[in-house]
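To keep things clear, I will list the structure first and then write my remarks on it.
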Amino acid sequence: MARITMREAISKALWEEMERDPSVFILGEEVGVWGGSYAVTKGFFDHFGPERVKDTPIAESAIIGAAIGAALTGLRPVAELMTINFAFSAFDHIVNQAAKLHHMFAGQMKVPMVIRTVSGGGRQLGATHSQTPDAIFAHFPGLKVVAPGTPEDAKGLLKSAIRIDDPVLFIESATLYQVRGEVPEDEQLIPIGKSKIQRPGKDVTVVTYSKMLETSIKAADLLAKEGIEVEIVDLRTLRPLDMEPVIDSFKKTNRAVIVEEGWKSYGVGAEIASRIYEEAFDFIDAPIQRVAQKEVPLPYNQALEQLALPQVEDVIRAIREVL
Amino acid sequence: MAQTVNMPKLGFDMAEGTLVRWVAKEGDQVSKGVVLAEIETDKATVEVESTYDGVLLRQLVPQGTIVPVNDPIAVIGEAGEEIKIGAADQVKEQSPVGIGLKEENIPVILPEPGQALELPAAPISQEKPHASPLARSMAADLGIDLRLVHGTGPGGRITKKDIVSFQPMQPVSRLGKTPSTPAKPSFAAPRTFIHETRTVPLPKLRAAIGRRMTEAKQQAPHFYVTHDYDIGALVDRRKEVNSLLAEEDKLSVNDFIVRAVALTLLDYPNLNASLDIQKSSVIFHGGINVGVAVAVENGLLTIVSRDTDQKPIFQISAELKGMVKRAREGKVRSEDIEGSTFTVSNLGMFDVDQFVAIINPPEAAILAIGSARQVPVVVNNQIQIGTRMKATLSVDHRISDGAEGARFLQSLAKYIEEPLRLLLSV
């Protein structure tokens with residue numbers, strides 16, 4: 001197995017799918033000649049040509065609207081939104097059209113499209129370009145929301161996302177593109193909607209995803225030196241949410257900490273905690289803790305930005321709280 | 001170390017009681033179960049029995065005193081134990097036998113006349129205990145009264161750890177209903193029967209057993225076949241083998257039976273099957289996993305020997321022992337109790353002739369084993385003493401029939417009555 005970066009893993013998934021299926025094409029801002037604002041589609045334009053790697057105007061609703069139209073006519077568009085913050089400009093298309101067309105018209109139409117986008121803060125991009133509004137999109141039935149935390153998962157999940165007939169919001173993390181991980185050389189499809197134990201342990205269950213998987217693993221490494229064994233469940237998909245590994249793990253440890261990069265209020269942690277209360281009440285031995293971003297528009301100042309984002313120490317503190 | 005005896009709570013609405021008469025005098029030797037005093041509530045006069053062995057060092061309240069529930073009424077300790085009293089004036093400084101109270105030993109403050117006692121921590125608090133949901137469900141399963149458990153979690157919360165480390169205390173007092181005079185001291189061990197009608201939620205395990213057994217009896221038409229086995233040879237072989245084995249490795253009669261059942265099932269796939277009603281199909285299980293019913297607190301569990309037909313008896317025995325231990329300690333693992341394809345239930349240790357068992361769904365059959373006993377038997381027209389054991393097979397008639405059940409029991413005899421086969425084959 002090769003150790004490649006998240007960026008390479010995503011790029012490979014796209015490349016392989018475009019080679020495999022001529023109906024797959026890419027559209028977005030600067031995805032073509034420039035090679036993508038995060039260089040994920042570098043080289044695609046030269047290889048696949050302008051027909052299949054389309055640069056668009058800076059108009060997110062146009063990008064998503066065009067992708068929906070293409071999907072309805074039988075193509076498999078992969079639309080790139082430079083960041084998830086810009087998805088708000090295309091919000092109606094995403095949640096009112098893409099997510100609902102199949103269901104409103106008796107299944108006559110399919111919308112096999114992927115929206116690749118980038119979530120998360122920590123790069124001093126300011127409050128409007130640094131948000132983690134993943135939970136908002138996961139609120140809508142009809143839309144699948146995937147957010148991998150490892151290169152292997154990113155590759156396998158993106159390939160699945162391109163192949164299924166439902167619209168998928170595929171959320172990448174800007175600060176994970178350089179992270180390396182083992183990725184099998186051969187083709188592996190990872191099913192959407194399956195959570196995964198990324199680290200086994202017996203003392204406490206940490207539920208997390210995307211960038212916060214990395215943060216949680218660092219916290220678990222430090223606690224392991226004290227003999228505290230943290231089990232980490234990576235959600236990987238926010239909708240449909242697979243609670244089975246979470247509940248199984250919780251029934252074993254009886255304690256849970258949920259770590260997310262977005263704000264705590266009405267967030268992923270709120271959902272997971274509620275599910276645990278609903279499905280495993282008799283196994284709760286301590287109040288469930290949530291680690292999340294401070295409830296402020298993310299500051300630009302580097303020190304303040306880092307203070308507002310969930311850090312390794314915050315995860316450790318929360319784990320100690322439940323033990 | 002001196003112990004205090006408190007005013008018992010004799011009904012859920014009792015707040016106080018009148019100590020109408022002291023039965024035991026200061027200085028009397030008392031043992032558990034001995035009547036110390038008579039208490040009158042608004043409903044009845046009852047006896048308070050000692051929950052400790054020792055000498056009644058001190059009657060803390062005079063006869064006729066109204067005492068709130070859980071307030072101390074007496075001190076029991078060792079003869080000659082030093083006692084020093086704080087507010088000594090109200091009570092005699094020295095007891096008739098000349099013993100004093102040692103202050104640190106007696107966690108009570110003696111009352112001013114007519115004043116309620118300042119309470120030491122009562123053994124049973126009447127407040128709703130502060131416990132985690134897990135601690136609550138564990139306590140319910142184990143039949144532990146949470147009011148007796150000391151919480152060590154944040155804010156005194158009772159957590160899993162506290163339940164696991166909980167050691168049951170003696171009940172505070174035993175209550176008899178007799179308003180008897182004279183009270184006859186009873187030297188019997190404290191009874192566990194509580195003379196008080198109570199409604200207690202079913203422990204989870206109990207409720208689960210109820211559901212499954214109801215399902216089995218309502219849905220699976222059972223029929224029963226009984227066979228009488230000559231287990232003289234098995235008893236002898238077992239004795240021989242066990243004389244060579246370390247204590248912890250010794251084989252039980254049940255180990256032989258479990259192995260015998262597994263080998264017999266190889267020829268009776270119908271009895272190692274389950275019904276799929278939706279598909280109107282029979283599922284023939286590819287593995288033979290023999291379940292063994294184990295009595296645990298508040299019910300029973302079926303532990304599972306996996307691929308029993310492929311394992312030597314010593315391995316079967318060792319695995320079952322481990323699972324029984326975990327089951328009894330409440331540490332059973334899910335793999336210990338899941339996936340059985342046929343169950344053996346053995347009440348042999350309780351001196352039963354025979355019994356019939358309810359099928360453990362979704363299995364097709366269960367074998368109920370009685371005690372091995374010496375009985376007169378007829379051999380070659382002569383009456384001799386033989387060792388016999390009865391086993392009754394319960395079978396789901398939707399999957400199999402009486403003739404097959406009977407043949408199974410006959411085939412089983414080949415192993416049970418020629419037990420070397422069980423030791424030889426792997």
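None of the figures in this text is laboratory data; all of them are computed from the coordinates on show. In this text, all values refer to a predicted model and were calculated from it rather than measured experimentally. Neighbour counts are summed over all protein chains in view; Cβ atoms, including those assigned to glycine, are modelled from backbone coordinates with ideal geometry.
Quick notes on this structure:
- In a simple Cβ point-charge model (Lys, Arg +1; Asp, Glu -1; nothing else charged), the stretch B:206-424 has a dipole of about 320 debye relative to its Cα centre.
- Rounded, prolate or oblate (a/c below 1.5 giving rounded, otherwise prolate when a/b exceeds b/c) for chain A by Cα gyration tensor: prolate
- Between A:A39, A:L72, A:I136, the Cα set farthest toward the positive side of the dipole of the stretch A:2-183 (charges on each charged residue's Cβ, about the Cα centre) is that of A:I136.
- Beta bridges by DSSP in the stretch A:183-323, antiparallel share as percent, to the nearest 5: 20 percent
- Ranking B:M349, B:A246, B:V67 by Cα position along the charge dipole of the protein assembly as shown, where only Lys, Arg, Asp and Glu carry charges on their C-beta atoms, puts B:M349 farthest toward the positive end.
- Close amide H pairs (under 5 Å, H built 1.01 Å from N) link A:V118 with A:T83, A:I84, A:E172, residues at least 5 positions away or on another chain.
- Sorted peptide list for B:381-389, B:336-344, criterion being average Cβ within 10 angstrom, highest first: B:336-344, B:381-389
- For chain A, calculated [θ]222 nm from helices alone, where every DSSP H run of n ≥ 4 adds -39500 (n - 2.57): -10000 deg cm²/dmol
- GluC sites (Glu not before Pro) within the stretch A:1-110: DSSP coil, no more than 12 neighbouring Cβ in 10 Å: A:E51
- Debye, to nearest 20: dipole size of the stretch A:196-322, +1 on Lys, Arg Cβ, -1 on Asp, Glu Cβ: 140 debye
- Positive-end extreme of charge dipole, the stretch A:196-322 - chosen from A:L238, A:S274, A:A308 (charges on Cβ): A:A308
- Global geometry of the protein assembly as shown, whether rounded, prolate or oblate, following the gyration tensor of its Cα atoms and the 1.5 cut on a/c: oblate
- Per-residue average of Cβ from other chains inside 10 Å of A:277-285: 5
- Judged by the mean number of other Cβ atoms found within 10 Å, the most tightly packed of the peptides B:277-289, B:357-369 leads the ranking B:357-369, B:277-289.
- Three-way shape call for the stretch B:308-409 based on the alpha-carbon gyration tensor, with the a/c threshold at 1.5: oblate
- For the stretch A:10-117, size of Cβ-based charge dipole, Lys and Arg +1, Asp and Glu -1, in debye: 300 debye
- Peptide A:247-258 - average C-beta neighbours from other chains (10 Å radius): 1
- Helix A:244-253 axis, angle to chain A major axis (alpha carbon atoms, nearest 10°): 10 degrees
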